[in-house]
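Take a look at the structure set out below.
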Amino acid sequence: MRVSKSKAALPLPVTRALRKLGGDISIARRRRKITTTLMAQRSFIDRRSLARVEKGDPGVSMAIYATVLFVLGMVDRLGDFASASNDPLGQMLADEKLTRRVYQARGLSSGD
């Protein structure tokens, strides 16, 4: 099996996060007492792909992770991953670009 350059160059925190996601998915499936066969069927994948998901394999498509989360009833949190409200760095950068002063347009009085 050929390993892509992007897969081989994954930053360690990304690898750890994917492993954690896979482990959390595995725990969620077992808590719900769903067999790997049934989970794979409901997710329209084979058991081998499900095993890769539960290991946090970065080669598995995001669509498969999303489908598995849907089957577990956890897909609602997927939309919050990159939400603007969960982006403190982006908010800080946007705040830095705010003007220091607000100027009134010429010709307008303060009552307009």
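The values are calculated or read from the model by the stated rules, or taken from the named source; none is laboratory data. Since the model is a prediction, treat every value here as computed from it, not as a measurement. For neighbour counting, all protein chains shown are included, and Cβ atoms are generated from backbone atoms with ideal geometry for every residue, glycine included.
In the condition set (1) of a type in the set (Lys, Arg); (2) modelled with pLDDT under 95; (3) touching a helix residue (DSSP H, G or I) at 6+ places or on another chain (Cβ under 6 Å), residue 2 is compliant with all but (3).
For residue 55, the requirement of being touching a helix residue (DSSP H, G or I) at 6+ places or on another chain (Cβ under 7 Å), charged (D, E, K, R) and at negative phi is met. Restricting 76, 95, 46 to those that are surrounded by 11 or more Cβ atoms within 10 Å (Cβ to Cβ), acidic (Asp, Glu), more than 24 Å from residue 11 (Cβ to Cβ) and free of Cβ contacts under 8 Å to residues at least 40 places away in the same chain reduces the list to 46. Checking each residue in the range 11-70 for being of a type in the set (S, T, N, Q) and within 20 Å of the chain's Cα centre (by Cα) picks out 15, 26, 43, 49, 61, 67. Restricted to the range 3-43, and to residues that are of a type in the set (S, T, N, Q) and surrounded by 17 or more Cβ atoms within 10 Å (Cβ to Cβ), which residue is nearest to residue 75 (Cα to Cα)? In this case the residue turns out to be 43.
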